[in-house]
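Below is one structure, written out as structure tokens; comments come after it.
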Amino acid sequence: MNKIILFCGLPLSGKSTLARKLVHCLKVPYFDIDDIRQRFFQNPRAEISREKSLFQMSISYEALFLTTEMLSELGHDVVISATFSGERSQQNIIEISKRNNARLKAIYCHAPDEIIKKRLDQRENNKESFSTCRTWNHYVSDKERFKLLQVNPLLVIDTSVPQEESLKRIIGFSKIN
């Protein structure tokens, strides 16, 4: 049975960083919502209107779902990373896993607010991040709307602990059927 390994959590929670490290170990396809969004819309790294952001995220999630579905149909494991905070996106990925008889392995990443603030400061200088979350107000707004993905099993990772420790837990979790 193939797997969909899903990293979810708020912006700046470390989900993309850990997902990339896992992919390096497992050698499986990886798709990140911010990378997809950047390829489609080539946004500057700045805040955009809520309406424009919602439109772009909707299109980006659809591309993520289509790619995940295609790879699952072919029997491939895949790693994906996005907030997955909305009920629609959560239901879509659950349905994709069921339709394709793929095991959904969800990893929820989070970090204390003081770590998030440090990461926000670092993000300003990071030319590789395509995320539009670049202010504390944006982060707080996302946090207020966030709904945790309700799946079992769900591995909870505090990304303020050493990455090697988190990665070891994630690898063990991803290998369990």
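Scanning the range 149-158 for residues that are at pLDDT 90 or above and either among the hydrophobic types (A, V, I, L, M, F, W, C) or part of a helix (DSSP H, G or I) (or both), we see that the one that is surrounded by the most Cβ atoms within 10 Å (Cβ to Cβ) is 157.
Residues are listed down the side, and each one gets a yes or a no for (1) closer than 18 Å to residue 83 by Cβ; (2) of a type in the set (Asp, Glu); (3) under 18 Å from the mean Cα position of the chain (by Cα):
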{"site": "136", "(1), (2), (3)": "yes, no, no"}
{"site": "141", "(1), (2), (3)": "yes, no, yes"}
{"site": "148", "(1), (2), (3)": "yes, no, yes"}
{"site": "151", "(1), (2), (3)": "yes, no, yes"}
{"site": "155", "(1), (2), (3)": "yes, no, yes"}
{"site": "158", "(1), (2), (3)": "yes, yes, yes"}
{"site": "161", "(1), (2), (3)": "no, no, no"}
{"site": "172", "(1), (2), (3)": "no, no, no"}
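Would you confirm whether or not the range 85-98 contains a residue that is more than 14 Å from residue 11 (Cβ to Cβ), touching a Pro at 6+ places or on another chain (Cβ under 7 Å) and among the small types (Gly, Ala, Ser)? No, that holds for no residue. Selection of the range 11-56 for residues being of a type outside the set (D, E, K, R), buried (at least 21 other Cβ atoms within 10 Å of the Cβ) and under 21 Å from residue 88 (Cβ atoms) yields 11, 13, 33, 36. For residue 171, are the conditions met, namely being under 17 Å from residue 2 (Cα atoms) and of a type in the set (A, V, I, L, M, F, W, C)? Yes.
Taking residue 90 as the residue in question, decide whether it is surrounded by fewer than 19 Cβ atoms within 10 Å (Cβ to Cβ) and within 26 Å of residue 159 (Cα to Cα). In short, no.
Please work out which residue is nearest to the chain's Cα centre (by Cα), limiting yourself to the range 111-134 and to residues that are at pLDDT 80 or above and not in a helix (DSSP H, G or I).
111
Going through (1) out of contact with any strand residue (DSSP E or B) (no Cβ under 7 Å at 6 or more places or on another chain); (2) touching a residue at least 12 places away in the same chain (Cβ under 8 Å); (3) hydrophobic (A, V, I, L, M, F, W, C) one by one, residue 93 falls short only on (1).
The values are calculated or read from the model by the stated rules, or taken from the named source; none is laboratory data. None of the values given here were measured: they were computed from a predicted structure. Backbone-built Cβ (ideal geometry, glycine too); neighbour counts: all protein chains shown.
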